[in-house]
Structure formats: C-alpha cells, structure tokens
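These notes are about the structure you will find just below.
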Amino acid sequence: MEVAIYNIKGEDTGRKATLADEVFAVDPNEHAVYLDVKQYLANQRQGTHKSKERSEVSGSTRKLHKQKGGGGSRIGDINSPVLVGGGRVFGPRPRDYRFKLNKKVKQLGRRSALTCKLQDSQIIVVENFSLDAPKTKEMVNIAKNLKVEGKKALFVLPTENKNVTLSVRNIPNAQTIVASDVNTYVVMNSNAIILTEGALESINNI
C-alpha cells in the first residue's frame, strides 16, 4: 500500500511511501485492541491504595455498653465499621494490577489500531525534519500546515529528538514518541498520527 509523502509545509512531495499490508491492512480485532489498552493502563497503576480496617484504626477497645438488657443492639468497640470513625470493611489494599498478555495478541492489537487509523484517514507521512532549537511556534506552524492543529496529534520519530520533543511538549494534546515505543493505547488515543519517513521501517515491522 502506498501513500503520499508530505513536507512540513503541508505540500505533496510527489513521492510515495510504502506501508506494509500486514500492519496497515489487517482485519481489525477490537477485542485484541481492548486487551492491549487494558494491559497498558493496568501497568500504569501504582496500586498503593490503602484504607484502615478495623484492626488498624486507632481507638479504645473497651466495651461501649453491656451485651444485654439495654434495649439496643449488641456493639463491640469504637473501631467498629458501623460507627463514625471506625474501620472500613473490605477496604482497598496495595496490589499489583499487571497481567500477562501474549505477544501475538499485543501485536494484533497494535496492527488493528494502525489499520483503523489509516482507514479513517488519520495517518500522515511526512519527510524527516528537525529543529535547530526548541521552538514551539515552529511546531504549531507545522501542525497548521498539516491540518492537525487542535487535534490529539502524535508525532512518530525514528529516534529521540530533544528539540522536537521540547517544542511539542507545550502544545495541548500533542506528543512525540519514538517508533520503537509505539503502542496500541497512544495510537487509539490520537486523532492524527504524523509518521516521519525514518520511522516507517520500524512501524512496518511492528
């Protein structure tokens, strides 16, 4: 599959880029996309949540009133979950949310996501570019030229480029990523994906 290559002025260079059919023309599997995104988000969770249960609350353990004859319900100590300031029943405990996902399922998820974005005309291939110094204004102009201004734009670079990364960082909803780090979540969370020519080799083998 071939698509047009644009320059940073938004002009068609007349050249074509080849996108691998096994990556950009697969039968999208929504469940694989769901599982891969779910695993990615689960891996981001710290899992450090904790609430105090009955045995951990600081309070007296004396018996509040006698067991029988008072005309009321039985009650234990002041740390009881039914009382204000008592412990929490079955509260959250620190845990690890990570889970295993087969490599082929993750690969199918990534390819399905890229295929969907290409079908929706949300992928643009541009010539390799660089900036002499961090300049947000230049990246804003590039986004305008490519007609992705105001969208959730993902700039896929062949290698880490500090000047481009720093320039994009100040643009709302825009981000950069190295081609080897592309995952299903960042693809699905973008409305426009700008692939540089140098990143295509890695993406075609993703």
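By the rule of a C-alpha distance below 30 Å, with chain neighbours fewer than 8 residues away ignored, the lysines paired with LYS50 are LYS38, LYS63, LYS100. Can you tell me the accessible area per residue over the chain, all protein chains present, probe 1.4 angstrom, in square angstrom? Averaged over the residues of the chain, the accessible area is 62 Å².
Annotation: lysines with alpha-carbon distance below 22 angstrom to LYS137 (same-chain offsets under eight excluded): LYS9, LYS147, LYS151, LYS152, LYS162. If you roll a 1.4 angstrom probe over the protein chains with everything in place, what fraction of the accessible area of the stretch 108-171 belongs to carbon and sulfur, to the nearest %? Solvent-exposed carbon and sulfur of the stretch 108-171 make up 44 percent of the total. Around the amide H of ARG15, modelled in the peptide plane, lie the amide H atoms of ILE5, all under 5 Å away and 5 or more residues distant in sequence or on another chain.
Note on the chain: helix-only mean residue ellipticity at 222 nm, from DSSP H runs of 4+ residues weighted -39500 (n - 2.57) and normalised by residue number, equals -9000 deg cm²/dmol. Secondary structure note: in the chain, about 20% of the DSSP beta bridges are antiparallel.
Computed from the C-beta positions of ASN102 and LYS151 and an R0 of 41 Å, the FRET efficiency is 0.80 to the nearest 0.05.
Put simply, the amide H of ILE123, placed in the peptide plane, has neighbours under 5 Å in ILE193, leaving out anything fewer than 5 places away on its chain.
The values are calculated or read from the model by the stated rules, or taken from the named source; none is laboratory data. The shown structure was predicted, so the numbers you read here are calculated from the model rather than taken from an experiment. Reconstructed Cβ throughout: ideal geometry from the backbone, glycine too, with neighbour counts over all protein chains shown. Side chains included, ligands, DNA and RNA excluded: accessible areas come from the protein's heavy atoms. Shrake-Rupley method; radii C 1.70, N 1.55, O 1.52, S 1.80 Å.
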